[in-house]
Amino acid sequence: MTFHRLDRAGLEPWLPAYEALNARALEATGFNSPGWISAVTRHLGGSVAAVAEEGRLLAALPVRKRRLPLPLMETLRTDLGGSGAPVVDRDRPEALAALLSGLNQPLLLHDLPADDPLYALVREQAGHFAVIDQWQRGALRPHGSFDDWLRTNFDSKRRGRFRRNREKLGEGAQSVSFETLTADTDCTAWIEDFLALEDAGWKGRRGTALARNAAARTAFVEATRSLHAAGHLRFWRIRRDGRTVASTWAIHERDRLWMVKIAYDESLARLSPGILLMLDSTAGCLAEPGLKIADSCAIPGHPMVDNFWRDRIAMADVMVAPASVSAARFAATVAAEKAYRKTRSTARDLVYRLLGRHRV
């Protein structure tokens, strides 16, 4: 097996092999799928650490180098999200150890599902392993009908509020539609509507909307188009008099779905269009054949998501390294990372208190 670091130019010739690996991967890859990562690395940087044998990719992981507080590699995270789950050939699990050996330094895996076979494989193949952080994330494990789910999770008072808000959304309007992107529909208008709606809200005012970053915008458009072409993009929206007032999208691969971002018209906030759209997208998830888990991708303790999707996924940030890295270096890197996070969290809490804002 040979190790490769594929930058934005070097990745292109390997994309067919990456696609083939994706089809053989131990777990669904989502944010680390080849079409997504190709767009992200091309416009936002980063590289793909990979192991190959006779032109066949056996393992791949998007990464970037970080120098503080101590030098290490970490999984690639951008404004478009990210995942710490390596893409590993299900028939060649030893390729993961070869990938870690090729990096030959501590590697921080962000957002790794802790209950999956892949987590056990990472622990088995790493020479050094340490958990940096653990938490639970809101999720939906589909079973039964949407009506059953609604009755189980919400009392009659809240269900009535949902119904009244949906009715009020139609008051004074000529038309209100609840739409789902289909496989044979051009996704361009859906993408542009989402970008415009996000930019018109609080993210636009803070300068963090995707539309405010030319590279992130371009990467997003390319990545979502690639997902749609592969059949992995899901989009839901609410339209009022021909104008999109709420929009959300997701990545769906095999038996998994990742809900990524939502945007809504804040002038209609009293009617909770975001919640109404979450109801519609939940109905869409429950109707997906073979779907076992929908990941909210939300932060721990999210006040809306955790009270809406009641299932949970165990998540972890994990530090790993090959046996060639000394135990002293690995221990120092783990300690520095934990101290760095504690200091950063304390400073962020202080800033938010001074600004009178909540961390959401």
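The values are calculated or read from the model by the stated rules, or taken from the named source; none is laboratory data. Bear in mind the structure is a predicted one, so any value in this text is a computation, not a measurement. Positions of Cβ are backbone-derived with ideal geometry, glycine not excepted, and every protein chain shown enters the neighbour counts. SASA here: full protein model, heavy atoms, side chains in, ligands and nucleic acids out. Shrake-Rupley method; radii C 1.70, N 1.55, O 1.52, S 1.80 Å.
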For Arg77, residues with placed amide H under 5 Å, excluding near neighbours: none
CD proxy, 222 nm, the chain: helix-only mean residue ellipticity via -39,500 (n - 2.57) per DSSP H run with n ≥ 4, per residue, nearest 500, stands at -12500 deg cm²/dmol
For Glu167, what accessible area in Å² do you get when you roll a 1.4 Å probe over the heavy atoms of the protein chains, rounding to the nearest 10? 110 Å²
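Could you tell me whether the range 219-315 comes out rounded, prolate or oblate from its Cα gyration tensor? Rule is a ≥ b ≥ c as square roots of the eigenvalues, rounded for a/c under 1.5, then prolate if a/b exceeds b/c, otherwise oblate. If you can, show how the numbers build up before the last one.
Working: a/c = 1.70, a/b = 1.13, b/c = 1.50.
It comes out oblate by the Cα gyration axes.
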Spin-label point model (7 Å from Cα, Cβ direction): what's the Arg164 to Arg310 distance in nm? 2.3 nm
Using a 1.4 angstrom probe on the protein heavy atoms only, line up Ile275, Ile37, Ile299 by accessible area, largest first. Ile299, Ile275, Ile37
With a 1.4 Å probe and every protein chain kept in, tell me what percent of the accessible surface of the chain is carbon plus sulfur. 50 percent
Cα gyration tensor of the range 254-360, axes a ≥ b ≥ c as square roots of the eigenvalues: rounded (a/c below 1.5), prolate (a/b > b/c) or oblate? oblate
Measure off 7 Å from each Cα along the Cα-to-Cβ vector at Lys65 and Ala215, then give the distance between these two points in nanometres to one decimal. 1.6 nm
Distance from the range 22-95 to the range 260-292 (C-alpha centre basis), Å: 29 Å
How much of the DSSP bridge set in the chain is antiparallel, in percent, rounded to the nearest 5? 90 percent
Honestly the range 70-114 on the Cα gyration tensor test (a ≥ b ≥ c root eigenvalues; a/c under 1.5 rounded, otherwise a/b vs b/c for prolate or oblate) is just oblate
Would you rank Met319, Met304 by solvent-accessible area, highest first, keeping every protein chain in place and using a 1.4 Å probe? Met304, Met319
Compute the accessible area per residue over the range 73-185, keeping the other protein chains in place, probe 1.4 Å, unit Å². 50 Å²
Under a crude label model (7 Å from the Cα following the beta-carbon direction), how far is Ala331 from Ala23 in nanometres? 4.8 nm
Using a Förster distance of 22 Å, the FRET efficiency for Asp91-Phe3 (Cβ separation, nearest 0.05): 0.70
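Size of the dipole of the chain about the Cα centre, Lys and Arg at +1 and Asp and Glu at -1 on the beta carbon, nothing else charged, in debye to 20?
With only Lys, Arg, Asp and Glu charged at Cβ, the dipole is about 1540 debye.
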Heavy-atom accessible area with a 1.4 angstrom probe orders His43, His228, most exposed first, as His43, His228
